[in-house]
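These notes concern the structure reproduced below.
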């Protein structure tokens, strides 16, 4: 994958998606090629509204950027069909310098792998199998094509059958005596202009006579061959070459390995390496879900360096990053959250500014570089800013957010209040998603003192849906905490109209007992004036985690 991904955190919110789209556009405008916006989680109703309203495609979905088969496979694949002859396959392998070739049917489904080793085993039999060097299973038609021959007389030319090769390099009498040892209907005679041998072979009703050197054939011979149902071909090659080529006219069905290993494009590269190392197979087809070949790679391709490059936006903690980030090269980080632990192998641009949204930071980059923000991109960044600052009503709002929002509004041609009304009424998470989906739609994992925990947030217009689903939400929070071995899992449901929230927490009872907000029900706390996960809720939860009461009881 050559693209540079600009990607937000798992379970992305509007700011993560909007800042990724905006920053990818910005980087392209300052000359960085192959930069694309991506996401590592599903969109939601609010994000879908933003993308539809400002006519932007949904960012590319990338669940895992760990090296996989698609990073090393070749898509322009040389292959052969099951009906191919050994000669055709050998010619292709020699021309393309290949050691093995996939054999696929008309639907591109892999039927087997044919290797040079298998072909050499056929052409160079062991001492015990020397007689096999004169046996061939082929049709007259395949022999004709392989020899570039001219047909003189053809009988059942498409029938594939077991044949035995004889080169007539002896007197006719000797030939006739020797001939008695074989079934003539299975014999292929290779002969020059020896008319006596030709007559003798036809009298014995051999399967096929191949006349070498493009020599003329007597009309009496041809007429007799037709009467006796003997096929005759004329080839430009000499006897030795003809013998070799006839053996190459054999079909490949019996030579190809039909028990082979194949992989999917998204398969983990390290796991594939381990599987491939335990087999003698050298090339491996890559197939889609329908079993059709879409690529191929060889063992030597495992030596290729795989360097995926990414730019992180709206987060800087590995626990929140797309899976496989530890295998990628992080080029930049653009964020407005607390600094977590991200190790890089080289110095990078780390732009971390405590403004209300990452979209604000991205828009500020356009201004610093004196680049006009396209109206549609301005609308996207405006949406991310409004969503993360609750239209400038969140305590995370700064004077720079106010200035940037005014500029974006002018560029997008829509007022902030008008967009905010459309944005916040575009869909209730609690209305359109299950309780399980609601607690993960905008969920972030954090860690402190060796403990891991999750904090989710949904923003609603009123608490009606929350009161209807609170019991389900508590049950799913408890399941989520157990499944992920978290100290606790929490969900903040924020009412945009009243700038207040309810906090639901399940997990460690010792930790929950340190929360001193008013408890309205078991595991539910009323948090008036608390609307920011980053600036208000997270610092509070960290203080609870370091509360002496929890330290003693924990």
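The values are calculated or read from the model by the stated rules, or taken from the named source; none is laboratory data. Values in this document were obtained by computation on a predicted structure and should not be read as measured data. Positions of Cβ are backbone-derived with ideal geometry, glycine not excepted, and every protein chain shown enters the neighbour counts.
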Where the second residue is in a loop (DSSP other than H, G, I, E, B) and exposed (fewer than 13 other Cβ atoms within 10 Å of the Cβ) and the first is free of Cβ contacts under 8 Å to residues at least 60 places away in the same chain and lies in segment 141-166, which pairs have Cβ atoms under 7 Å and are six or more apart or on separate chains?
141/158
Which of the residues that make up segment 243-266 are surrounded by fewer than 21 Cβ atoms within 10 Å (Cβ to Cβ), assigned to a loop (DSSP other than H, G, I, E, B) and more than 26 Å from the chain's Cα centre (by Cα)?
253, 254, 255
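So is residue 296 at pLDDT below 90, more than 30 Å from residue 195 (Cα to Cα) and crowded, with 20+ Cβ neighbours inside 10 Å or not?
Details: at pLDDT below 90: no; more than 30 Å from residue 195 (Cα to Cα): yes; crowded, with 20+ Cβ neighbours inside 10 Å: yes.
Criteria not met by residue 296.
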Which condition number does residue 262 fail, the rest of (1) out of contact with any helix residue (DSSP H, G or I) (no Cβ under 9 Å at 6 or more places or on another chain); (2) touching a residue at least 12 places away in the same chain (Cβ under 8 Å); (3) more than 20 Å from residue 76 (Cα to Cα) being met?
(3)
Considering only residues that are touching a helix residue (DSSP H, G or I) at 6+ places or on another chain (Cβ under 8 Å) and over 16 Å from residue 393 (Cβ atoms), which ones fall in segment 411-433?
411, 412, 413, 414, 422, 426, 427, 428, 429, 430, 431, 432
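Name the residue that is modelled with the lowest pLDDT, counting only residues in segment 515-550 that are over 46 Å from the mean Cα position of the chain (by Cα) and not in a strand (DSSP E or B). Don't jump to the end; show me each part of the working.
To start, the set of residues in segment 515-550 that are over 46 Å from the mean Cα position of the chain (by Cα) comprises 516-521, 528, 547-549.
Filter again for not in a strand (DSSP E or B), leaving 516-517, 547-549.
On the way: 516: 93, 517: 96, 547: 82, 548: 74, 549: 70.
Per the criteria, the residue is 549.
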Quick check, is residue 217 part of a loop (DSSP other than H, G, I, E, B) and either buried (at least 19 other Cβ atoms within 10 Å of the Cβ) or in contact with a strand residue (DSSP E or B) (Cβ under 8 Å, 6 or more places away or on another chain) (or both)?
yes
Quick one: in segment 50-71, of everything that is in a helix (DSSP H, G or I) and modelled with pLDDT of 95 or more, which residue is farthest from the chain's Cα centre (by Cα)?
53
For the structure I just gave you, tell me whether residue 462 is surrounded by fewer than 18 Cβ atoms within 10 Å (Cβ to Cβ), in contact with a strand residue (DSSP E or B) (Cβ under 8 Å, 6 or more places away or on another chain) and part of a strand (DSSP E or B).
no
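Within the group 474, 430, which residue is in contact (Cβ under 8 Å) with a residue 60 or more places away in the chain and assigned to a helix (DSSP H, G or I)?
Working: 474 fails: in contact (Cβ under 8 Å) with a residue 60 or more places away in the chain.
Unique residue meeting the criteria: 430.
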Report, by residue number, each residue of segment 479-508 that is more than 16 Å from residue 437 (Cβ to Cβ) and in a helix (DSSP H, G or I).
481, 482
Looking at (1) touching a strand residue (DSSP E or B) at 6+ places or on another chain (Cβ under 7 Å); (2) within 30 Å of residue 372 (Cα to Cα), which is the one condition that is false for residue 14?
(1)
Working only within segment 135-169, note down all residues that are modelled with pLDDT under 90, within 19 Å of residue 235 (Cβ to Cβ) and surrounded by fewer than 15 Cβ atoms within 10 Å (Cβ to Cβ).
169
Subset of segment 302-351 (residues that are touching a strand residue (DSSP E or B) at 6+ places or on another chain (Cβ under 8 Å), within 30 Å of residue 262 (Cα to Cα) and either at pLDDT 90 or above or surrounded by 15 or more Cβ atoms within 10 Å (Cβ to Cβ) (or both))
308, 309, 310, 322, 323, 324, 325, 328, 329
Failed item in (1) within 17 Å of residue 156 (Cα to Cα); (2) assigned by TED's automatic domain parsing to the domain that holds residue 160; (3) buried (at least 19 other Cβ atoms within 10 Å of the Cβ), with residue 235 passing the rest
(1)
Taking segment 28-37, which residues are surrounded by fewer than 24 Cβ atoms within 10 Å (Cβ to Cβ), under 25 Å from the mean Cα position of the chain (by Cα) and on the phi < 0 side of the Ramachandran plot?
28, 32, 33, 35, 36
From the list 497, 546, 479, pick out the single residue that is out of contact with any strand residue (DSSP E or B) (no Cβ under 6 Å at 6 or more places or on another chain) and under 16 Å from residue 450 (Cα atoms).
546
Residues of segment 24-39 satisfying the condition of being in contact with a strand residue (DSSP E or B) (Cβ under 6 Å, 6 or more places away or on another chain) and either more than 14 Å from residue 59 (Cβ to Cβ) or not in a strand (DSSP E or B) (or both):
24, 27, 28, 34
